[in-house]
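Participant: Structure provided below as structure tokens; questions to follow.
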Amino acid sequence: MTAAEPTILATSGGMVASRRLRWEFGPLTDYAVELAGVAGRAPRVCFLATAMGDNAEQIRGFYDAAAQRGFFPSHLALFPMPNVEDPRELLLSQDVIWVLGGSVAGLLAMWRLHGIEPAMREAWQAGVVLTGVSAGSICWHSGGTTDSFGPQLRPVTDGLALVPFSNGVHYDSEPQRRPMFQSLIGDGTLAPGYATEDGVGVLYRGSRFVEAVTEQPGKTAYYVSRSAEGAVTEQPLDTRLL
């Protein structure tokens, strides 16, 4: 089973603190799996920690979290070389692809170097649900704000652009994020787009925004746009608690 149409759940969450594990999946990840429509077997979930240099502890943490949820786990690593013979085949065989945060600039560079970008687009078009947190959210969009280059945020403008919007993550927890996102949309560096507070995700079907959802009560998503005169508007969105 795959989603009925191309589906992305782009989030500033999906992983939560755990008393027994390094971390565990939260309601946002459970929702991404639900969107895949799997029945009668364990959902196939593939983890990419490219943005963290394929950190081994994070990969082990994923397998532990997946076992707790009853997912059938796999991962795609690119350091020091791809861990599978055919990354495209692996990605297309999944129900959900889950991408960790870190350096979105590094993630995009490595994906392009290894031909992952067209494979991701093909998987998305085939109905594999794409999800992830932070860099694993920005990457699906045309661009966003990133600390890939240092503590002072900078724009990234070469996302995969599976959806024609920019993306702001950690909108309420990192002080630079909100003003930078608005400024970059205001001056035309970024396209209008969707921003998520921590614990919030935005769902796209095809290239259409469908809804905002949250795993934390009281958290919100926003649509940030620019008028013809350059004025920036931030619109809070109805955000459904999962």
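The values are calculated or read from the model by the stated rules, or taken from the named source; none is laboratory data. The structure displayed is predicted, hence computed values, not measured ones. FYI the Cβ positions are ideal-geometry reconstructions off the backbone, even for glycines, and counts take in every protein chain you see. Just so you know, the surface numbers come from the protein's heavy atoms only, side chains and all, with ligands and any DNA or RNA stripped out. Shrake-Rupley method; radii C 1.70, N 1.55, O 1.52, S 1.80 Å.
Participant: Pick from Val104, Val96: which is among the β-branched types (Val, Ile, Thr) and either open to solvent by 30 Å² or more (accessible area, probe 1.4 Å) or without any contact (Cβ under 8 Å) to a residue 60 or more places away in the chain (or both)?
Facilitator: Result: Val104 is the single residue among Val104, Val96 that is among the β-branched types (Val, Ile, Thr) and either open to solvent by 30 Å² or more (accessible area, probe 1.4 Å) or without any contact (Cβ under 8 Å) to a residue 60 or more places away in the chain (or both).
Participant: Return the pairs, sorted by first residue and then second, in which the second residue is of a type in the set (Ser, Thr, Tyr) and open to solvent by 10 Å² or more (accessible area, probe 1.4 Å), the first residue lies in the range 167-180 and is farther than 18 Å from Ile8 by Cβ, the beta carbons are less than 6 Å apart, and the residues are 6+ apart or on different chains.
Facilitator: none
Participant: Collect the residues in the range 28-59 that are assigned to a helix (DSSP H, G or I) and either of a type in the set (S, T, N, Q) or open to solvent by 50 Å² or more (accessible area, probe 1.4 Å) (or both), keeping them in residue-number order.
Facilitator: Thr29, Asp30, Glu34, Thr50, Met52, Ala56, Glu57, Gln58
Participant: For the range 198-222, name all the residues that are polar (S, T, N, Q), in a loop (DSSP other than H, G, I, E, B) and touching a strand residue (DSSP E or B) at 6+ places or on another chain (Cβ under 7 Å).
Facilitator: Of everything in the range 198-222, just one residue is polar (S, T, N, Q), in a loop (DSSP other than H, G, I, E, B) and touching a strand residue (DSSP E or B) at 6+ places or on another chain (Cβ under 7 Å), namely Thr220.
Participant: Would you be able to tell me the number of residues in the range 138-158 that are out of contact with any helix residue (DSSP H, G or I) (no Cβ under 9 Å at 6 or more places or on another chain) and crowded, with 24+ Cβ neighbours inside 10 Å?
Facilitator: 1
Participant: Step by step: first the residues of the range 11-27, then only those that are in a loop (DSSP other than H, G, I, E, B) and hydroxyl-bearing (Ser, Thr, Tyr), then the one that is surrounded by the most Cβ atoms within 10 Å (Cβ to Cβ). Which residue is that?
Facilitator: Ser12
Participant: Let me ask something else. Restrict the check to the range 78-85 and report whether at least one residue is under 21 Å from Leu9 (Cα atoms) and free of Cβ contacts under 8 Å to residues at least 60 places away in the same chain.
Facilitator: There is no residue in the range 78-85 that is under 21 Å from Leu9 (Cα atoms) and free of Cβ contacts under 8 Å to residues at least 60 places away in the same chain.
Participant: Output the strands (runs of 3 or more DSSP E) that fall wholly within the range 61-158 and possess 2 or more residues being of a type in the set (Gly, Ala, Ser) and within 30 Å of Arg178 (Cα to Cα), or say none.
Facilitator: The strands (runs of 3 or more DSSP E) meeting that bar are 143-146.
Participant: Restricting to the range 1-10, give me the number of residues that are touching a Lys or Arg at 6+ places or on another chain (Cβ under 7 Å) and open to solvent by 50 Å² or more (accessible area, probe 1.4 Å).
Facilitator: Here the count works out to 1.
Participant: For residues in the range 60-86 being over 21 Å from Tyr31 (Cα atoms) and within 19 Å of the chain's Cα centre (by Cα), which is surrounded by the most Cβ atoms within 10 Å (Cβ to Cβ)? Steps first, please.
Facilitator: Taking the range 60-86 first, the residues over 21 Å from Tyr31 (Cα atoms) are 60, 76-86.
Next cut, within 19 Å of the chain's Cα centre (by Cα) only: 76-78.
Working: Leu76: 23, Ala77: 19, Leu78: 19.
The qualifying residue surrounded by the most Cβ atoms within 10 Å (Cβ to Cβ) is Leu76.
Participant: Small (Gly, Ala, Ser), in contact with a Phe, Trp or Tyr (Cβ under 8 Å, 6 or more places away or on another chain) and under 22 Å from Leu242 (Cα atoms): which single residue out of Gly199, Gly168 fits that description?
Facilitator: Just one listed residue meets the conditions, Gly168.
Participant: I'd like the residue in the range 166-197 that is in a loop (DSSP other than H, G, I, E, B) and farther than 21 Å from Ala51 by Cα and, out of all such residues, is most open to solvent (accessible area, probe 1.4 Å).
Facilitator: Pro175
Participant: Would you mind finding the one in Ala126, Ala161 that is of a type in the set (A, V, I, L, M), within 21 Å of Gly13 (Cα to Cα) and surrounded by fewer than 18 Cβ atoms within 10 Å (Cβ to Cβ)?
Facilitator: On the way: Ala126 fails: within 21 Å of Gly13 (Cα to Cα).
Residue meeting the stated conditions: Ala161.
Participant: Within the range 199-239, track down each residue that is charged (D, E, K, R) and surrounded by 12 or more Cβ atoms within 10 Å (Cβ to Cβ).
Facilitator: Arg205, Glu211, Glu215, Lys219, Arg226, Glu234
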